[in-house]
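See below for the structure under consideration.
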Ligand SMILES: Nc1nc2c(ncn2[C@@H]2O[C@H](COP(=O)(O)OP(=O)(O)OP(=O)(O)O)[C@@H](O)[C@H]2O)c(=O)[nH]1
Ligand SMILES: [Mg+2]
């Protein structure tokens, strides 16, 4: 289970922080990638601090895995945010014109100085595994940057030219030393931003089942053929056990193999086999939800309080 005591390869992270700072002077704009499934949890507060004086475009990646309605709300909440999917190519074409629009004044000055046609330089930053190198390859039209489905693939900076008038600086991924809350660490782990080797898979599987049952009940119960009503009030471990039982995951003694069920739910979430899911609601939704979820005191008294399925994970 991710907790505040886990260290995320700190040497590498410190080096990346330095790389960002040292190269800011060579770029016109910072393109920050966030995972469309967790736009809030994947936002590195250190990147904000390090790059606060640079123009910025925020790009939500992996849009084909996220809930399209939530993605739309996220984009509506921020005038400088786009959504893309580098596998399907969706949204990628909008990046270059948007970057040029953001930098319009600067580009006009270049033109006045006779530097017409000078390529814009953009630094691509974001958490590990968010899709930085994939985006660089999409825009660069080749396989110049190494891409793999694990965090920590890109280890140093790499310039890639494109035919759309932007030079891209691919960077290693960067996390921050301490997560403000447990949810952030869990969500980063669900989506594959943290090395699986340092995580407790079973605990993570429990937490994911809890969130899916709470936020995407129909998709979750349909995928694993679970009776949603019968599971009302179930603990996260009971939810994971129900998945293991339905899938027939048993150990040799007949006990449920919840470890294997956890691995499967995590894999299937990462591949969007359960459905297109966004775990971080857009800002205005959060306000609505707070109102919706605030227990009505009269109701709470009547049923003896709402069950808190998440309290023991
Ligand atoms: N479905 C989907 N998968 C994506 C997308 N972008 C990246 N991926 C996948 O995510 C994984 C990581 O992609 P990379 O481009 O290597 O990520 P990165 O941010 O460069 O990662 P590091 O270099 O480790 O920091 C790969 O398996 C990609 O195929 C996307 O838009 N949609
Ligand atoms: Mg990379």
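Structure notes:
- Of the set (1) out of contact with any helix residue (DSSP H, G or I) (no Cβ under 7 Å at 6 or more places or on another chain); (2) under 30 Å from residue 185 (Cα atoms); (3) within 16 Å of ligand 2 (Cβ to nearest atom), all apply to residue 84 but (1).
- Flag if residue 74 is crowded, with 17+ Cβ neighbours inside 10 Å and modelled with pLDDT under 95: no
- Residue match in the stretch 154-175 (condition: without any contact (Cβ under 8 Å) to a residue 60 or more places away in the chain, farther than 30 Å from residue 107 by Cα and under 17 Å from the mean Cα position of the chain (by Cα)): no
- If the condition is being closer than 21 Å to residue 51 by Cβ and near ligand 2 (Cβ under 10 Å from one of its atoms), then the stretch 135-151 contributes 135, 136, 145, 151.
- For the stretch 105-116, filtering for residues that are under 14 Å from residue 165 (Cα atoms) and loosely packed, with under 10 Cβ neighbours inside 10 Å leaves 1.
- Qualifying residue in the stretch 214-224 (condition: surrounded by 17 or more Cβ atoms within 10 Å (Cβ to Cβ) and within 19 Å of the chain's Cα centre (by Cα)): yes
- Criterion (in the same structural domain as residue 221 (by TED's automatic domain parsing), surrounded by 11 or more Cβ atoms within 10 Å (Cβ to Cβ), under 20 Å from residue 233 (Cβ atoms) and modelled with pLDDT of 95 or more) met by exactly one of 278, 258: 258
- Condition broken by residue 139, with the remaining ones in (1) without any contact (Cβ under 8 Å) to a residue 12 or more places away in the chain; (2) within 16 Å of ligand 1 (Cβ to nearest atom); (3) under 24 Å from residue 22 (Cβ atoms); (4) assigned to a helix (DSSP H, G or I) satisfied: (1)
- Check on residue 86, closer than 18 Å to residue 282 by Cβ, touching a strand residue (DSSP E or B) at 6+ places or on another chain (Cβ under 7 Å) and modelled with pLDDT of 95 or more: no
- The sole residue among 102, 124, 95 that is within 16 Å of ligand 2 (Cβ to nearest atom) and under 16 Å from residue 164 (Cβ atoms) is 124.
- Evaluating residue 95 against the criteria (1) out of contact with any helix residue (DSSP H, G or I) (no Cβ under 7 Å at 6 or more places or on another chain); (2) within 14 Å of ligand 1 (Cβ to nearest atom); (3) in contact (Cβ under 8 Å) with a residue 60 or more places away in the chain leaves one unmet condition, (1).
- Test: residue in the stretch 146-156 that is within 16 Å of ligand 1 (Cβ to nearest atom), on the phi > 0 side of the Ramachandran plot and assigned to a loop (DSSP other than H, G, I, E, B): yes
- The residues in the stretch 157-191 that are out of contact with any strand residue (DSSP E or B) (no Cβ under 8 Å at 6 or more places or on another chain), at pLDDT 95 or above and assigned to a loop (DSSP other than H, G, I, E, B) can be counted, and the count is 1.
The values are calculated or read from the model by the stated rules, or taken from the named source; none is laboratory data. Note that the coordinates shown come from a computational prediction; the quantities given were computed from them, not determined experimentally. Note: ideal-geometry Cβ built from the backbone for every residue, glycine included; neighbour counts use all protein chains shown.
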